1. What residue, of 192, 227, 210, is at pLDDT below 85 and surrounded by 19 or more Cβ atoms within 10 Å (Cβ to Cβ)?
2. If the Cβ limit is 7 Å and pairs must be 6+ apart or interchain, which residue in the stretch 112-130 that is touching a residue at least 24 places away in the same chain (Cβ under 8 Å) pairs with which residue that is part of a loop (DSSP other than H, G, I, E, B) and of a type in the set (A, V, I, L, M)?
3. Somewhere in the stretch 295-315, is a residue more than 29 Å from residue 177 (Cβ to Cβ) and without any contact (Cβ under 8 Å) to a residue 60 or more places away in the chain?
4. Just to be sure, is residue 217 within 23 Å of residue 53 (Cβ to Cβ) and touching a strand residue (DSSP E or B) at 6+ places or on another chain (Cβ under 9 Å)?
5. For the stretch 43-68, name all the residues that are among the hydrophobic types (A, V, I, L, M, F, W, C) and in contact (Cβ under 8 Å) with a residue 24 or more places away in the chain.
6. Being modelled with pLDDT of 80 or more and either in a loop (DSSP other than H, G, I, E, B) or under 23 Å from residue 456 (Cα atoms) (or both) narrows it down to one residue among 491, 570, 555, 537; which is it?
7. Looking only at the stretch 287-317, which residues are within 15 Å of residue 258 (Cα to Cα) and surrounded by fewer than 18 Cβ atoms within 10 Å (Cβ to Cβ)?
8. Report those strands (runs of 3 or more DSSP E) wholly inside the stretch 193-302 carrying at least 1 residues which are under 45 Å from the mean Cα position of the chain (by Cα), under 30 Å from residue 74 (Cβ atoms) and of a type outside the set (D, E, K, R).
Amino acid sequence: MLRSKTLLFAGSFVLFLIVANNVIHYALTKSTLERNLERELASVASQIQISIENSRTAAEYLEEQIAEQLRTASVGAQYALDPDVEKVTNERLEEVSRKLGIDHLTLMKRTDDDIVLYKSSYPGELGLSTKKWVPWYQAFQQLFDKREVTIDWGQSLPNFWSGPFEYASADPTKLNINKWGYYYDGSTNYIIDPFVSNKKFEEFQETTGIQAILQKTIAANKRLLEITGVNPATFGRTELKTVTDKGEELKHNVTRPIMFGETRYQAAETDAIDVRLAASTGKTVKEIDKINGKKVLKSFIPMAIEPSANYVDLDGKPIDTYVLVITSSYDDVQRELSGQFASLGLQIALVTLASLGAVLLAIRVFRKLRERSVRETQDTYIEEVNQLFTVVKGQRHDFLNHVQIIHTLVQMNKIDDLRRYTKELVGDIRQVSDIMAIGEPAIAALVQAKSAVALSKYVNFTHRFGELDRDAIGIKSVDIVKIVGNIVDNAFDAVMTLPPVRRNVELQGWMKDGSLHITVWNEGCMLAEEQRKQMFAPGYTTKKEGHSGLGLTIAKTLLIQYKGDIRVEADDEKGTTFHISLPIH
């Protein structure tokens, strides 16, 4: 039962180690896959960053070129128009704008407390006030006063200033984005204000600009789902809108939260937090989320840029950092992990079955070995008892012979011969009496039986025992016989390789300090250090065929059961001695 429990515990422990190993392997695989994905995304992000920055720089350059073209158009309009705004008609402005190749042309007049759009080829702008246009109104004042704009926003040229692309307050749809230029050199009493739509700018973006780069990058990488540029100063916040003179709300292009890209995989609650965290710390933030039924990995990467009027915060100040949000599919990692998990489950199931089979097989083998050892021990015990009966029968037969011889010697009056014969007979009787005086019948019987075996094997077997108290020992007689008998048999086997004159075996026993002490000594020492370490192992033997190697194992097992001890001393000169001690119960 104890061995079965031990085997079950060992099997369970092995199974635990295998499961733990596979779980650790699963965790490491997950971590490795995620790191590989992150490295891949980091590489893609680096490439995207370079491409986007190049494209953004090109877009800014294009916008500067458009501003210079607006200045050129302004100078041309100046020569085509009367310097007095009152003498210029809206129809004339429409005609001039067509010739200059611009969308529309407006003239701005300064009043006592405002600067208004006074004449225009675009009817929607007529009469609009600019007093609330911050910081545009400040730029207009500087043009009228100094003929140059010094505010750190937009693009300044000699006698000219242009702001970024922005929504038009005069547009009833509030969807069109235009770029305006403002020219004033003092030769007229108005600011010349030509403007164009962002049509050409959008065409650039779609063919060679940021949008084109994003589409090509996503198409080339199957894991990428979306790339978005985010303004951290306005993303997730209330959108800035201005109320026009007509009471309409006007949003601003330069404060738009999404600078470029799409937002199909946006998580409103967490994205704003991650965007601000990435921008404030300057470190990439990662988030795994499930959006639109798909598990995704989102990387929020802070990107430093030169401040520009194209991207500003809610106070109109240009930002120096935007956040690049790269959304990639987590399905590949999930699929591989699912495969790993399925493989893990299969391995655990197979190992469990194999472990259970091995445990059951081991239990069966140990049971057979135990039954075999018990059977061999019983056979040995029966053999020794039979030997004892044979000795007793022999002594009974000899007793009758002794009586007849004594009777004959008396009748023949051979007193000297009778004296010699009875002296020898008394020696044999004393030897038997010594055995009977041992006090423990089982040991006495064992000694008698082993004496007979020793005689047949030409072994000089001697024994010395103090008086043993059977009741005080408290150990089963059959177990004492197993312990002592197996060790004596081992000693007999050991001396059989020696010549008869050296086949000496001695058995001693005594009680002292609450323990039964027994020593078995035999002449000769043929035990190497390695043999001494293994001699009590099941099945280990140095003898020829016919020996199971279980005798010493049985003795050791019984000693452990009774909390006893056994030690071996081996020396070429002193021989081999087994020391046994058993506590008296």
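The values are calculated or read from the model by the stated rules, or taken from the named source; none is laboratory data. Every value quoted in this text rests on a predicted model; they were computed, and no experiment measured them. Please note: Cβ atoms are built from the backbone with ideal geometry, for glycine as well, and neighbour counts cover all protein chains shown.
1. Result: 210 is the single residue among 192, 227, 210 that is at pLDDT below 85 and surrounded by 19 or more Cβ atoms within 10 Å (Cβ to Cβ).
2. 117/126; 117/128; 119/88; 120/126; 122/170; 124/170; 125/170; 128/170
3. The answer is yes; a qualifying residue exists.
4. So residue 217 fits the description; yes.
5. Quick first cut of the stretch 43-68, residues among the hydrophobic types (A, V, I, L, M, F, W, C) only: 44-45, 48, 50, 52, 58-59, 62, 66-67.
If the condition is that a residue be among the hydrophobic types (A, V, I, L, M, F, W, C) and in contact (Cβ under 8 Å) with a residue 24 or more places away in the chain, then 44, 45, 48, 52, 58, 59, 62, 66, 67 are the ones that fit.
6. 491
7. The initial filter retains those residues of the stretch 287-317 that are within 15 Å of residue 258 (Cα to Cα), namely 300-303, 310-314.
Hits for the stretch 287-317 are 313, 314.
8. 258-261
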